[in-house]
Amino acid sequence: MSEHDLPAGVANTLQQGLASMGLAAELAPPLLRYLALLHRWNGTYNLTAIRDPQEMVTRHLLDSLAMQPFVADGSLADLGTGPGLPGIPLAIACPGLQVTLVESNGKKARFMREAVRQLGLGNARVAESRAEALAEPGSYDQLTARAMDTLAGIVHVGGHLLRPGGVLLAMKGVYPHDEIAALPAGWQVREVVPLSVPGLAGERHLVAVTGP
């Protein structure tokens, strides 16, 4: 399946979403190739519960890209990335970012390796591992996790990967007051930014957390 095999209107939804977010139209073709591959593999391997490609544009691609303005060039580990979200869209949108896609599920890891190969993403690699077992301490400027755990849970399994002065960028729904209050000693919230995702109802926030 290529991007041309996706249902009518999917490309327009993505292009309109990119435009409203101030992102380059040139991102659409590789994002659509990734979406077509995800949609095809999902029919066999159940990589995501979302089946409708239109909904995938909003809830996967645009939602992932909403954090792009807050990601800096350097290295990023995407913990519990599933089929590569938000890591693969971010790698497409940020060529100066080196992304490690951390996922212990074998089917999802195989899919991501194929996606990275087909998309020619030289700035993305797959680490088939649980986050807590990844033996790369202090290796990353940034961590992200989109739907993995509470803030304290993310710090517990992945905090060792962050270099001194690095930042955890966690995507959340409503403002996570209780999660912020439960952060381990030494971990501090730098900022909480409301995000706007075209077509997505409900609140979204990006929580930036710095380590001890």
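Taking all protein chains in place and a 1.4 Å probe, what share, in percent, of the accessible surface of region 151-212 do carbon and sulfur account for? Roughly 55 percent of what the probe reaches on region 151-212 is carbon or sulfur.
Taking the charge dipole of the chain about its Cα centre, with +1 at Lys and Arg Cβ atoms and -1 at Asp and Glu Cβ atoms, the residue from His156, Val99, Pro69 reaching farthest to the positive side is Val99. Report the antiparallel proportion of the DSSP beta bridges in the chain as a percent, rounded to a multiple of 5. Around 40 percent antiparallel, to the nearest 5. Rounded to 0.05, the FRET efficiency of the Ala25 and Arg190 pair, given R0 = 35 Å and the Cβ-Cβ distance, is 0.65.
Here the Karplus curve 6.51 cos²θ - 1.76 cosθ + 1.60, taken at θ = phi - 60°, turns the phi angles of region 27-38 into couplings of 6, 4, x, x, 5, 5, 5, 4, 5, 4, 5, 4 Hz, with x standing for Gly and Pro.
Centroid-to-centroid, using Cα positions, region 1-64 and region 96-164 are 21 Å apart.
Taking the Cα centre of region 104-208 as origin and assigning +1 to Lys and Arg Cβ atoms and -1 to Asp and Glu Cβ atoms, the resulting dipole is close to 480 debye.
Heavy-atom surface analysis with a 1.4 Å probe gives region 1-133 a carbon and sulfur content of 47 percent of its accessible area. Using a cut-off of 15 Å between beta-carbons, work out the net charge of the residues near Ala109 (Lys and Arg +1, Asp and Glu -1, Ala109 not included). Counting the neighbours of Ala109, the net charge comes to +3.
Kirkwood hydrodynamic radius, the chain, all distinct C-alpha pairs: what's the number in Å?
Final number for the Kirkwood radius of the chain is 17.2 Å.
For Ala201 and Phe70, a Förster radius of 25 Å and the Cβ-Cβ distance give a FRET efficiency of 0.70, rounded to the nearest 0.05. Solvent-accessible area of Thr48, all protein chains in place: 20 Å² (probe radius 1.4 Å, heavy atoms, ligands and nucleic acids excluded). Counting only Cβ charges, +1 for Lys and Arg and -1 for Asp and Glu, the dipole size of region 148-204 around its Cα centre is about 200 debye.
At a 1.4 Å probe radius, which order do Glu114, Glu128, Glu55 fall into by accessible area, largest first?
Glu128, Glu55, Glu114
Dividing the C-alpha radius of gyration of region 16-124 by 2.2 N^0.38 Å, with N its residue count, gives 0.98. Taking all protein chains into account, the per residue accessible area for region 27-171 stands at 36 Å² (1.4 Å probe). Expressed as a fraction of 2.2 N^0.38 Å, the C-alpha radius of gyration for region 111-167 is 1.25.
3J(HN,Hα) along region 7-19, derived from phi through the Karplus expression 6.51 cos²θ - 1.76 cosθ + 1.60 where θ = phi - 60°, amounts to x, 4, x, 5, 4, 5, 4, 5, 4, 5, x, 4, 4 Hz, with x in place of Gly and Pro. Of Lys172, Lys107, the residue with the largest accessible area leads and the full order is Lys107, Lys172 (1.4 Å probe). Placing +1 on the Cβ of every Lys and Arg and -1 on the Cβ of every Asp and Glu, with nothing else charged, gives region 1-106 a dipole about its Cα centre of roughly 120 debye.
The values are calculated or read from the model by the stated rules, or taken from the named source; none is laboratory data. All values reported here derive from a predicted model rather than from experimental measurement. Neighbour counts run over all protein chains shown; Cβ positions are idealised from the backbone, glycine included. For accessibility, only protein heavy atoms count, side chains too; no ligands or nucleic acids. Shrake-Rupley method; radii C 1.70, N 1.55, O 1.52, S 1.80 Å.
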